[in-house]
Amino acid sequence: MNTNDIFNSEFSRQYDASNSRFSAINDNLHFLVALLLRDLPADARILCVGVGTGNEIIYHAVKNHGWHFTGVDPSPDMLEVCASKLEQAEIKDRCTLIEGYLDNIPDNVAYDAVLCLLVTHFIQKSDRGGIYCEIKKRLKTRGRLIVAEIAGDTTTGNFDEQLSGWAALQAISSPNIPMLEDLKTLLRKRLLLLPPEKTEELILYAGFSPPHHFFQSLLIHAWIANT
């Protein structure tokens, strides 16, 4: 899947508005992430993988005036929107944006924390474990990884029940609740879901501490792990 084909200029400009149905979930997730990072140094360096339009940078930068952020994303269109938002929030001087992937990040900086929020479900399953290995290389000793993704085991008997709540969420921005079979097809086309326990295995295998599953809202799960 070429994510640049998805996150093109038109999509990027409309991204925040089209995802407004997730705002309550995202607000809660960012709040919990802030709690988990509350004891980082006053001059902490944070790496945001798949930074998109920069919402997590803005949330944490306005609360932590000494933190510096690096955001990496393969979509130049998303980064253009992100840069504009960072400038409007008057935090651009504490942010570095890089077009590309983890291997495009200079290796002369070690980060206190890496945030990878709602990104990994776009990455091929065969490549997923390598992402966590690359992240670990860029963290300080006792650095923290926080990852959130849409996850689920589509083969389980209760997946349709899980999906019904997801369908209701989609209906917030649509006049009709989508049919479950149509939603399954959309998930298969756009997302690459793993069972939550498989994600935990991949994080552990990359050399992190056993990940703590600290958040779930419908199909969105989040974990924290340390180096």
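The values are calculated or read from the model by the stated rules, or taken from the named source; none is laboratory data. None of these values were measured; they are calculated from a predicted model. When we count neighbours, we look across all protein chains shown, and the Cβ atoms used for this are built from the backbone with ideal geometry, even at glycine. Note: areas computed on protein heavy atoms with side chains; ligands, DNA, RNA excluded. Shrake-Rupley method; radii C 1.70, N 1.55, O 1.52, S 1.80 Å.
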Review point. Of I172, I123, I146, which is the most mobile in a GNM of the chain whose springs link Cα atoms less than 10 angstrom apart?
Key: I172
**Study point:** Flagged links, alpha-carbon separation over 25 Å, of K92/K125; K63/K125; K136/K189; K136/K198; K63/K85
**Key:** K92/K125; K63/K125; K136/K189
Check your understanding: For the chain, what % of the accessible area comes from carbon and sulfur atoms, probe 1.4 Å?
Key -> 50 percent
Check your understanding: Are there GluC sites (Glu not before Pro) in the range 49-152 that DSSP marks as loop and that have at most 10 other Cβ atoms within 10 Å, and which are they?
Key -> E90
Revision key, fill the gap. With +1 on the Cβ of every Lys and Arg and -1 on the Cβ of every Asp and Glu, the dipole magnitude of the range 56-153 about its Cα centre, in debye rounded to the nearest 20, is 520 debye
Check your understanding: Using +1 on the beta carbon of Lys and Arg, -1 on that of Asp and Glu, and nothing else charged, what's the dipole of the chain about the Cα centre, debye to 20?
Key -> 400 debye
Review point. After finding the eigenvalues of the alpha carbon gyration tensor for the range 90-227, what semi-axes result from the square roots of 5 times each, listed largest first in whole Å?
Key: 30, 18, 13
Check your understanding: Got a sec to turn the phi values of the range 206-214 into Karplus ³J(HN,Hα) couplings, 6.51 cos²θ - 1.76 cosθ + 1.60 with θ = phi - 60°, whole Hz, x for Gly and Pro?
Key -> 6, x, 7, 5, x, x, 9, 7, 9
**Study point:** Spatial separation of Cα centroids for the range 73-126 and the range 142-219, in angstrom
**Key:** 22 Å
Revision key, fill the gap. Among A24, A44, A110, the residue with the largest mean-square fluctuation in a Gaussian network model of the chain built from Cα contacts under 10 Å is A24
Check your understanding: Could you give the length gained on full extension between L35 and T96, defined as 0.36 nm per residue of separation minus the Cα-Cα distance, in nm?
Key -> 19.6 nm
Study note, to complete from the structure: Counting only DSSP beta bridges with both partners in the chain, the antiparallel fraction in percent, to the nearest 5, comes to 40 percent
**Study point:** Neighbour net charge for V62 - beta-carbon separation under 13 angstrom, K R +1, D E -1
**Key:** +2
